[in-house]
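Colleague: First the structure, then my questions, so here it is.
The values are calculated or read from the model by the stated rules, or taken from the named source; none is laboratory data. Small disclaimer: the values here were computed from a predicted structure and weren't measured. Note that we place each Cβ from the backbone using ideal geometry, even for glycine, and neighbour counts take in every protein chain shown.
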2 protein chains.
Amino acid sequence: MKLRLFAALLLSTSAPVFAAENVDRDMVNRIVDAGMNHGQVIETTAYLSDRIGGRMTNSPQMRAAEAWTQSKFKAWGLSNVRAEGFEFGRGWSIDGIAVRMTAPRVLNLRAIPIAWTPPTPGAVTAGVIVAPMKRERDFAKWRGKLRGKIVMVTLPNDGSEPAKSVFSRYADDDLRKLDTYDQPTTVDDATADRGLQRRLFAAKLDAFLAAEGATAWVRAARTDGGLLFGEGSGFRADDARRVPGIELTAEDYRRLARLAKTDAAPTLEIDSRVRFHDADTKAYNIIADLPGRDPKAGYVMAGAHLDSWVAADGATDNAAGSAVVMEAARILAGLGVKPKRTIRFALWAGEEQGLFGSLAYVDRHLASRPPETDPERLKAGSYAYWTRSFPITPRSGYGELAAYFNLDNGSGKIRGIYAENNAAAVPIFKEWLAPFAGMGATTVATGRTGSTDHVYLQSVGLPGYQFIQDPLDYPSRTHHTNLDTVDHVKAADLRQAAVIMASFLWNAANRDAALPKMPLPTKPSPTNPFAYPDDDE
Amino acid sequence: MKLRLFAALLLSTSAPVFAAENVDRDMVNRIVDAGMNHGQVIETTAYLSDRIGGRMTNSPQMRAAEAWTQSKFKAWGLSNVRAEGFEFGRGWSIDGIAVRMTAPRVLNLRAIPIAWTPPTPGAVTAGVIVAPMKRERDFAKWRGKLRGKIVMVTLPNDGSEPAKSVFSRYADDDLRKLDTYDQPTTVDDATADRGLQRRLFAAKLDAFLAAEGATAWVRAARTDGGLLFGEGSGFRADDARRVPGIELTAEDYRRLARLAKTDAAPTLEIDSRVRFHDADTKAYNIIADLPGRDPKAGYVMAGAHLDSWVAADGATDNAAGSAVVMEAARILAGLGVKPKRTIRFALWAGEEQGLFGSLAYVDRHLASRPPETDPERLKAGSYAYWTRSFPITPRSGYGELAAYFNLDNGSGKIRGIYAENNAAAVPIFKEWLAPFAGMGATTVATGRTGSTDHVYLQSVGLPGYQFIQDPLDYPSRTHHTNLDTVDHVKAADLRQAAVIMASFLWNAANRDAALPKMPLPTKPSPTNPFAYPDDDE
């Protein structure tokens, strides 16, 4: 090798070989200053969580959040601020809950009404019966035994011995393990149908309990430690529940179960004061734009779901993500800059019931699929089946969306981003992340992640991405629970996330070349051809 | 060295050089069979916890526990079953608690009345004021500002990031670290007086709040995660509190504090339904005997405190320990054996307020010290000062107590025992533990442990010991909290503890030689001669 060639090689490799990104580091500095020195993201999170509170889709709290977030977008100078409605169902809210054991001794219990179950007619008092049921075939054992009873439907377990710390951040090794290509697969029909039946079971249990004349039903929280969740289904008027349901802490539930086994069955007094709201059965996505210079260049988008469950205030799930999206809008609008592409900000509704807000957006603006006709599948919600329906027909707006960035893994700072198996996106994201290495954001994970609002975009071949966030205590104790309060949000983490979100949007909106897209899916990904169904679950 | 002598040495060292203990392994087998195959310890724990519930000293629940435990001792054939009374103060119990934020939005809060504070006169509604106070000099800032307010007295912190697992067992290395001689020391007078002032602060705060016309006061739970504690003081009629106090979960407290800082101060509605019980101000230790063959041989004793706090059911603190002591009694009485020395079983009252039950026993039966005359010290409780009072005058029963074994570190299995710096006890305990190595009990820790009912015995030179137990989730989440329920008790652990307790009692009661005792203390242990007081805490 000649020395001159070697020197030339040295020069050419001193920058990464994929060095095509023009990351404007002066703009990074301006964004970081706006987010770190002049930020409002923790105040926004606190307003949504402390002041408005838990925001179940179509509840009065969610309506308040829809109005407040639009007013903020407008005040910050965003354009085309709007609420895009889609049919959802009834709202539901809790006015109060009081549950006491009244025999064999008096004790306040920790409880939450189960979402979308009806209120009790005032305080009702009845004996409990432990009648574990998790499939239809369990009904036979209890037929004729439940009249006038408060039915405890969970099989008590032995409690947990958690081995991991409640609070954690990703170590380098954890991040490396996330960087794995995910082979696309589809669950086979038998497995999907069993999942469908599980989702339909809540309605069948309710119908059975109503037919048997049960007074109310009680389930145990799925985790120890005094946590409460309260998730439920049945928000559509044609899928309404008839029997009041409450969730007790695992500890309170098992105390009742032990007493019922060894002593006389305890008596409970339940006063579940909940309300339905059906004046408007539409849910609303809140959308706001920062218009681009080039009307033909399309748009990039950031999103997070504004709705939550209501065991607490929906702070880490997902006021935090919503506040980061709003903060990115505030920062970019406040800098008075005009991107090439429009930057759109979306706050989704109905995420907790099946990502319905982002699905409505995709269906309206981006691509259609043959509609579901099976009534059971429709009743169970479209999450599982919509993505199995082919062909996909792009709508006129399909080509306009250049990239979508989602935030919905709690309130931890951003440690990187999932590239969703998009090999062409990996080197671009690496360069966009580079200015934030000192803030701990370094990882571009090749593979996919799910369970939030980018998945319907991905399912139609559009570039929807979700960031990697430090776990903190989100998986262990705040996700959907009565501990999902602002206490478990770190202001420093959210400021970091907001500046990275704003910077990604800016880079995506101003990139000279188009952003890489995946081929249009034309059929479901492969199933396991050797699978035998396991019916014994 | 002659070969014959060497062989003799080999023989003599093939057993441990301290091989003086005759551990009857057939008796071990019988005890283990009675505890493992025919055990009742988890049922006893559950009755005390689930059926009777939290047992604050002199509460109706504690009275029920006093009666039930005596009936069990009698039913199992124990002798001289009795309740030994000592002057304590008023009982107190919770009938119900309901706390809601009523403005700026409606939300149920998680709360517990603070022990021995008075009830609210029905539901009271008032605005909150965040007025952190932790010493008398903090009062000046708030004088004139508290009338008609609900006063939030805790300075809100930033929340926790717990790094350790909630649930743990001791690894070998943890046990090795416990095996350390503890140099005896005494805290200097200045430090002791600061501790005294901290204990007296609760009464001073109450007097200040009453004088200022506060409606109620609120403090934050000292740990995150929805835990509640509710400990309080002021159980003596001459030390009564005047202002209702409640504790909120840290999360609920901080939400109020954030809203008060950034929005209008929230309004709370508090309905604290508590009751005092002063028909009998005496507390009672429950004592039962398994009489020995030799009336001159004295006695050995096992003990645990039966009283608890009432945020939950007092299961791990200390129904579990009480049930183990009771189970040891049941096992030994049920085997129909007669030990050389009497075996005495004690269930103490008033432990949570200052180890008062075991102190009363020591003072009545074992040794006296010059009584405290300082009125402030008397008001603060005798825990800190009794052990500083000299000379110790042994009573006639002093020489009769050969050994005392306590259990009060949650519900984890026994991993060993603290030898309390008694070098002569170490080899004896090692041999007594040997049959239980396969159950995980192997460690004789040289040093001391505190905070429970063996310390007053130790303070007068008598052999009081406490076992080492696996932590489980006792230090992290059940100790004094609303999670102290039977769910967090492991039946297998308690069975193991019961058979080891029974075996230790049997060995101690039948040992040919006297058990080793320490020299009678004649003056306080040394203080740090170079200490300067730190007044800025």
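Colleague: For region B:145-160, which residues satisfy the criterion of being at pLDDT 95 or above and surrounded by fewer than 18 Cβ atoms within 10 Å (Cβ to Cβ)?
Modeller: Listed by number, the residues that qualify are B:LYS145, B:ARG147, B:GLY148, B:LEU155.
Colleague: Filter region A:88-134 down to the residues that are within 14 Å of chain B (Cβ to nearest Cβ) and part of a loop (DSSP other than H, G, I, E, B), then identify the one that is surrounded by the most Cβ atoms within 10 Å (Cβ to Cβ).
Modeller: It comes out as A:ARG110.
Colleague: Shifting gears a bit: Being of a type in the set (A, V, I, L, M, F, W, C) and crowded, with 21+ Cβ neighbours inside 10 Å narrows it down to one of A:ALA265, A:ALA279, A:ALA302, so name that one.
Modeller: One residue alone meets the criteria, A:ALA302.
Colleague: Shifting gears a bit: Somewhere in region B:432-447, is a residue closer than 30 Å to B:PRO370 by Cβ, away from chain A (no Cβ under 14 Å), assigned to a loop (DSSP other than H, G, I, E, B) and touching a helix residue (DSSP H, G or I) at 6+ places or on another chain (Cβ under 6 Å)?
Modeller: Within region B:432-447, not a single residue is closer than 30 Å to B:PRO370 by Cβ, away from chain A (no Cβ under 14 Å), assigned to a loop (DSSP other than H, G, I, E, B) and touching a helix residue (DSSP H, G or I) at 6+ places or on another chain (Cβ under 6 Å).
Colleague: Name the single residue, out of those in region A:64-87 being part of a helix (DSSP H, G or I) and aliphatic (A, V, I, L, M), that is surrounded by the most Cβ atoms within 10 Å (Cβ to Cβ).
Modeller: Looking at the filtered set, the residue picked out is A:ALA65.
Colleague: Tell me, yes or no, whether region A:328-344 has at least one residue that is buried (at least 24 other Cβ atoms within 10 Å of the Cβ) and under 17 Å from the mean Cα position of the chain (by Cα).
Modeller: No, that holds for no residue.
Colleague: Within region B:51-63, is there a residue that is basic (Lys, Arg), within 24 Å of A:ASP158 (Cα to Cα) and within 14 Å of chain A (Cβ to nearest Cβ)?
Modeller: Yes, region B:51-63 contains a residue that is basic (Lys, Arg), within 24 Å of A:ASP158 (Cα to Cα) and within 14 Å of chain A (Cβ to nearest Cβ).
Colleague: Kindly provide the set of residues from region A:151-188 that are in contact (Cβ under 8 Å) with a residue 24 or more places away in the chain, in a helix (DSSP H, G or I) and under 30 Å from A:PHE530 (Cβ atoms), ordered by number.
Modeller: Scanning region A:151-188 gives a single hit, A:LEU178.
Colleague: Can you tell me how many residues within region A:9-40 are loosely packed, with under 14 Cβ neighbours inside 10 Å and either at pLDDT 85 or above or not hydroxyl-bearing (Ser, Thr, Tyr) (or both)?
Modeller: At the first step, the residues of region A:9-40 found to be loosely packed, with under 14 Cβ neighbours inside 10 Å are A:9-20, A:22, A:25-26, A:29, A:37-38.
Restricting the remaining residues to those that are either at pLDDT 85 or above or not hydroxyl-bearing (Ser, Thr, Tyr) (or both) gives A:9-11, A:15-20, A:22, A:25-26, A:29, A:37-38.
Total satisfying the criteria: 15.
Colleague: Turning to a different aspect of this structure: Considering only residues that are surrounded by 12 or more Cβ atoms within 10 Å (Cβ to Cβ) and touching a residue at least 60 places away in the same chain (Cβ under 8 Å), look in region A:135-144 and name the one that is farthest from A:PHE201 (Cα to Cα).
Modeller: Across region A:135-144, the extreme among qualifying residues is A:TRP142.
Colleague: Would you point out which residue out of A:VAL486, A:VAL460, A:VAL499, A:VAL455 is closer than 30 Å to B:LEU248 by Cβ and of a type outside the set (Asp, Glu)?
Modeller: Residue meeting the stated conditions: A:VAL486.
Colleague: Further question: Being touching a Ser or Thr at 6+ places or on another chain (Cβ under 6 Å) and loosely packed, with under 15 Cβ neighbours inside 10 Å is the requirement here; does B:ALA163 meet it?
Modeller: On the way: touching a Ser or Thr at 6+ places or on another chain (Cβ under 6 Å): yes; loosely packed, with under 15 Cβ neighbours inside 10 Å: yes.
So B:ALA163 passes the test.
Colleague: Now for a different question. Answer yes or no as to whether A:ARG388 is over 30 Å from A:SER272 (Cα atoms), part of a helix (DSSP H, G or I) and charged (D, E, K, R).
Modeller: no
Colleague: All but one of (1) buried (at least 23 other Cβ atoms within 10 Å of the Cβ); (2) at pLDDT below 95 hold for B:PRO370, so report the exception by its number.
Modeller: (1)
Colleague: Here is a further query. Which one of A:ALA216, A:ALA220, A:ALA171 is at pLDDT 95 or above, within 14 Å of another protein chain (Cβ to nearest Cβ) and in contact with a strand residue (DSSP E or B) (Cβ under 7 Å, 6 or more places away or on another chain)?
Modeller: Being at pLDDT 95 or above, within 14 Å of another protein chain (Cβ to nearest Cβ) and in contact with a strand residue (DSSP E or B) (Cβ under 7 Å, 6 or more places away or on another chain) holds for just one of A:ALA216, A:ALA220, A:ALA171, which is A:ALA220.
Colleague: Same structure again: Give the number of residues within region A:448-470 that are surrounded by fewer than 22 Cβ atoms within 10 Å (Cβ to Cβ) and within 14 Å of chain B (Cβ to nearest Cβ).
Modeller: So the count comes out to 0.
Colleague: Starting from residues that are touching a helix residue (DSSP H, G or I) at 6+ places or on another chain (Cβ under 7 Å) and of a type in the set (Phe, Trp, Tyr), keep the ones in region A:202-230 and report whichever is surrounded by the most Cβ atoms within 10 Å (Cβ to Cβ).
Modeller: A:TRP217
Colleague: Of the conditions (1) more than 14 Å from chain B (Cβ to nearest Cβ); (2) crowded, with 24+ Cβ neighbours inside 10 Å; (3) within 21 Å of the chain's Cα centre (by Cα), A:THR45 clears all except one; give me its number.
Modeller: (1)
Colleague: Looking at B:LEU209, B:LEU227, B:LEU205 in this structure, which one is modelled with pLDDT of 95 or more and in a loop (DSSP other than H, G, I, E, B)?
Modeller: Every option except B:LEU227 fails the conditions.
Colleague: Moving on to the next point. Take the conditions assigned by TED's automatic domain parsing to the domain that holds A:LEU401, polar (S, T, N, Q) and under 22 Å from A:VAL41 (Cβ atoms) and apply them to A:SER503. Does it pass?
Modeller: So A:SER503 fits the description; yes.
Colleague: Something else about it: If I filter region A:257-271 down to residues being assigned to a strand (DSSP E or B) and within 12 Å of another protein chain (Cβ to nearest Cβ), which single residue comes out as nearest to A:PRO60 (Cα to Cα)? Can you show your working first?
Modeller: Here is the first cut: in region A:257-271, the ones assigned to a strand (DSSP E or B) are A:267-271.
Checking which are within 12 Å of another protein chain (Cβ to nearest Cβ) leaves us with A:269, A:271.
Values: A:GLU269: 27, A:ASP271: 21 Å.
That would be A:ASP271.
Colleague: Give all pairs with beta carbons closer than 7 Å in which a residue from region A:194-217 that is over 13 Å from A:GLY144 (Cα atoms) meets a residue that is among the hydrophobic types (A, V, I, L, M, F, W, C) and assigned to a helix (DSSP H, G or I); count only pairs at least 6 apart in sequence or on separate chains.
Modeller: Final answer for the pair search is A:GLY195/A:ALA384; A:LEU196/A:ALA380; A:LEU196/A:ALA384; A:ARG199/A:ALA380; A:LEU200/A:ALA380; A:TRP217/A:LEU209.
Colleague: Also: Would you point out which residue out of A:TYR418, A:TYR404, A:TYR398 is on the phi < 0 side of the Ramachandran plot, surrounded by fewer than 24 Cβ atoms within 10 Å (Cβ to Cβ) and aromatic (Phe, Trp, Tyr)?
Modeller: Residue meeting the stated conditions: A:TYR398.
Colleague: Just the residues that are closer than 18 Å to A:ALA419 by Cα and either more than 24 Å from the chain's Cα centre (by Cα) or of a type in the set (Ser, Thr, Tyr) (or both), please, taken from region A:483-505.
Modeller: If the condition is that a residue be closer than 18 Å to A:ALA419 by Cα and either more than 24 Å from the chain's Cα centre (by Cα) or of a type in the set (Ser, Thr, Tyr) (or both), then A:SER503 is the only one that fits.
Colleague: Right, next: For region B:108-127, check the following and say yes or no: at least one residue is charged (D, E, K, R) and over 33 Å from the mean Cα position of the chain (by Cα).
Modeller: no
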